[in-house]
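Remarks on the structure that follows.
Every number in this text was worked out from the coordinates using simple rules, so none of it is lab data. Only a predicted model underlies this, so the values are computations on that prediction, with no experimental measurement involved. All Cβ positions, glycine included, derive from the backbone under ideal geometry; neighbour counts span all protein chains shown.
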Amino acid sequence: MVYWLHIARAIDRVTLHRDRCSEVPSGVSSSDYWQGGWFDYPDKERALAAMEQAGTSEERKCALCKP
């Protein structure tokens, strides 16, 4: 299962989602570290590690898909 991180630098938050969550956009455009965006990870361990290293003050898991 693929996990997605949504890094929102403007509001200083990172959110973890499952692959089939309705909040994950179907066509993910390019994103970068400084602006944030959507990043996919092949497993939950890597996604959680990236979530900790995202540099945001708020970390949370999606309330819809509950990863």
(request) Please give the per residue volume of the convex hull enclosing the alpha carbon atoms of the range 3-61, rounded to a whole number of Å³. (result) 78
(request) Compute the distance in nm between two label points, each set 7 Å from the Cα along the Cα-to-Cβ direction, one at Ser22 and one at Ala10. (result) 2.3
(request) Express as a percent, rounded to the nearest 5, the fraction of DSSP beta bridges in the chain (both residues included) that run antiparallel. (result) 75
(request) Give a residue-ordered list of calculated ³J(HN,Hα) values for the range 36-45 (Karplus: 6.51 cos²θ - 1.76 cosθ + 1.60, θ = phi - 60°; whole Hz; x for Gly, Pro). (result) x, x, 10, 10, 9, 9, x, 8, 5, 4
(request) Please build a GNM for the chain, connecting alpha carbons under 10 Å apart, and tell me which residue among Gly55, Gly27, Gly37 fluctuates the most. (result) Gly27
(request) Kindly provide the helix-only [θ] at 222 nm of the chain, computed as the sum of -39,500 (n - 2.57) over DSSP H runs of four or more divided by all residues, to the nearest 500 deg cm²/dmol? (result) -4000 deg cm²/dmol
(request) Arrange Lys61, Lys66 by Cβ neighbour counts within 10 Å, fewest through most, would you? (result) Lys66, Lys61
(message) To the nearest 20 Debye, how big is the dipole of the chain about its Cα centre, given +1 on the beta carbon of each Lys and Arg and -1 on that of each Asp and Glu?
(response) 220
